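Quick notes on the structure that follows.
The values are calculated or read from the model by the stated rules, or taken from the named source; none is laboratory data. Note that the structure is predicted; figures quoted are calculated from it, not measured. Every residue, glycine among them, receives a Cβ derived from its backbone with ideal geometry; neighbour counts consider all protein chains shown. To get the accessible areas, we keep the full protein, side chains included, count just its heavy atoms, and leave off ligands, DNA and RNA. Shrake-Rupley method; radii C 1.70, N 1.55, O 1.52, S 1.80 Å.
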Amino acid sequence: MAINLRNKAGKTIKLSTRHWTVMLTLAETFGWSPAGTIAPLGWNGSGEWGGAYDTNDGQAVSDEDAKALARHLHGAVVSPQLPVALTDVINYVEKAAEARGITILDAMKMEPNEFSNIFSPLLMFLYDGSFYIE
């Protein structure tokens, strides 16, 4: 499954759900406190919108929250602790998936070096501000 991030100017970034989850968790590890997303237009789900970042329902991320996410990911990227933190986050995400009954084959396991090409484009996108998760 993929997550598409789209800002109001029409710029998009496509990430796998696993990579997006790792990025969110890594940002939290480096101090990001998610504000919660804004319900998608026409939200008709049961109950109130929960503020999730890990679905692709068209929810919005505020300008302030997007930039805070960028700042904390940037902090992670420049930290000498990044290799250890990224390995720990990947292990955490994969164990959480397995706890939900999702089998992750060895060939599908993530490696920290997979993220080197993602950071710069994602950071530039996030620093632009608010976006939708589709």
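Under the definition of Cα pairs under 8 Å and six or more residues apart, what whole-number percent is the relative contact order of the stretch 23-106?
Values: 62 pairs, mean separation 28.0, N = 84.
Rounded, it is 33 percent for the stretch 23-106.
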If amide H atoms are built 1.01 Å from N in the plane of the peptide, which residues on other chains or at least 5 residues away come under 5 Å of the amide H of residue 130? 63
Within the stretch 106-134, name every residue whose backbone N is under 12 Å away from a label modeled 7 Å from Cα of residue 17 along the Cβ vector. none
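Quick one: which of 6-13, 98-105 comes out on top by average Cβ neighbours within 10 Å, and what's the full order, highest first?
On the way: 6-13: 13.0, 98-105: 8.6.
Peptide ranking by packing, descending: 6-13, 98-105.
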Run the accessible area of the chain with a 1.4 Å probe and give the carbon-and-sulfur part as a rounded percent. 54 percent
Gained length - residue 95 relative to residue 111, 0.36 nm times residue gap less alpha-carbon distance: 4.3 nm
Distance in Å, no decimals, from the C-alpha centre of the stretch 9-83 to the one of the stretch 88-134 is 11 Å
So what's the Cα pair-distance distribution over the stretch 53-101, bin width 5 Å, in %? 5, 17, 14, 20, 21, 18, 6, 0
The stretch 55-134: radius of gyration and largest Cα-Cα distance (Dmax), Å: 14.5, 38
In terms of the ratio Rg/(2.2 N^0.38 Å) built on C-alpha atoms, what value belongs to the chain? 1.04
In straight Cα distance, which lysines are under 16 Å from residue 95, not counting same-chain residues fewer than 8 positions off? 109
Leaving out ligands and nucleic acids, note down the accessible area per residue over the chain with a 1.4 angstrom probe, in whole Å². 56 Å²
